[in-house]
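Every read-out reported here was derived from the displayed coordinates using simple, explicitly stated rules and does not represent laboratory data. Computed from a prediction, not measured in an experiment: that's the story for all the values here. Glycine also receives a Cβ, built like all others from the backbone with ideal geometry; neighbour counts cover every protein chain displayed.
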Amino acid sequence: HELTKDDSLWSKVISRQFNTTCKISTNFSPRVFYKTILHPFKKLLGIWKRHDIQFYGGGLVKISAKENCIEVCCLDVPLTHDIEDSMRVSGRLSITCDNSGNVRIQIGEEIVAETLPKIEWLENGRLHFYIKENDKLASIDLICSPLKEPKPRIENFPIAEGIFLGTYGGHGLEIIQLTLPDELTTMKDSYGLKITGDPNVACEKVTFRIIDEDCLDPEPADFDSIEDIEQLYHNPRYIKYSEGGTFDFDPPGDMYMDSPLKFKQCKGMWRGEAQVAWHGGVNPRFIPAIFVHFHEDYFGVLFLELGSMSMYRRVTKEIFT
């Protein structure tokens, strides 16, 4: 019984279970912190997709165990249109308690609440997570669903699943989840799902999908114009994907590029489809598209009917570490 009151023991338990540290002090007890906050909220630790802003979703929420607290912060796209910029962190708050179990929720040094966050499980595995103080919402009110960490890359397969920043013209950057088929034999049925969206194609909608098993086998003349690429799309020549294989990629001058292209070669191109719609998601449809694999962390999608190319950069590590 006395052993279970040993704060140094509980500090080791927290370190082992949550990969974080706790500093014992006259006002902080790891044992009380574990009982009051860490244990009740351990199922919430991880990355969550927001669903509380129409069309846009709202980005991601990261809930993690930190030194002497649980930290909640929002992860969103950079304010620029540059996929090389880091994810933006905002709305950071901490949840902790003293050695008597008195809860304290802070933004910086400001105490915004002194009661535990409220949790309501909704349909489809969604979570309503909010903080209420004196019957008024304080600081955070989120509806979200869990985002699982993507599977690692399989040897000899072109690319790994993951979370990417993508360029979407005037809409700016959006967060995309690349998902691969269950049986990793070809790229067919791989698709990009919008985690954040826009008034044309909203969050939780498929933005592109791959429809062929084999790569396209282009020739330099196929890149002379958008019309030539469309001819390749509708009259395809195929080649089997080969690990380490590359070919020159020079987009036509009449194609609009959302982001400067820093690659001169690609590892493979697959026919696909991309979703477009009018404002408000009216009249959604899929148009011809080509998925271009440049690098383990970069790919592009040619929206042929729109005459544009979107670029995507992997940000999985920024989110899950």
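Worth pointing out:
- When the alpha carbon gyration tensor of the stretch 18-166 is reduced to an equivalent ellipsoid, the three semi-axes, largest first, read 30, 19, 16 Å.
- Ignoring lysines fewer than eight residues from K240 along the same chain, the ones with Cα atoms less than 18 angstrom from its Cα are K188, K267.
- Here the alpha carbons of the stretch 181-303 define both size measures, Rg and Dmax, at 14.7, 42 Å.
- At q = 0.15 Å⁻¹, base-10 log of I(q)/I(0) for the chain (Debye sum, equal scatterers on each alpha carbon): -1.14
- Gaussian network model of the chain, springs between alpha carbon atoms under 10 Å - residue of D214, D228, D82 with greatest fluctuation: D228
- Solution diffusion estimate, µm²/s, Stokes-Einstein, the stretch 53-97, Kirkwood Rh from C-alpha pairs, 10 °C, viscosity 1.306 mPa s: 133
- The charge dipole of the chain, taken about its Cα centre with unit charges on the Cβ atoms of Lys, Arg (+1), Asp and Glu (-1) only, comes to about 1700 debye.
- The angle separating the long axis of helix 7-18 from the principal Cα axis of greatest extent in the chain is about 10 degrees.
- Choice from F164, F18, F299 showing the highest fluctuation, given a GNM over the chain with Cα pairs closer than 10 Å: F18
- For the stretch 165-231, chymotrypsin sites (Phe, Trp or Tyr not before Pro) meeting the loop criterion (DSSP other than H, G, I, E, B) and having at most 15 other Cβ atoms within 10 Å: none.
- Low-density loop cleavage sites - GluC sites (Glu not before Pro) in the stretch 219-248, where at most 12 other Cβ are within 10 Å (DSSP): E243
- Radius, Kirkwood style, for the stretch 123-222 when every pair of distinct Cα atoms is counted (Å): 16.6
- Fully extended contour minus Cα-Cα distance, from K42 to F157, at 0.36 nm per residue: 37.9 nm
- For the chain, calculated [θ]222 nm from helices alone, where every DSSP H run of n ≥ 4 adds -39500 (n - 2.57): -2500 deg cm²/dmol
- Bridging of K148 to aspartates and glutamates at a Cα separation below 14 Å is possible for E161, once same-chain residues fewer than 8 apart are set aside.
- Charge sum, other residues only, whose C-beta stays under 9 Å from P288's C-beta, Lys/Arg counted +1 and Asp/Glu -1: -2
- Most mobile listed residue (N68, N200, N235) in the chain, GNM with C-alpha springs under 10 Å: N235
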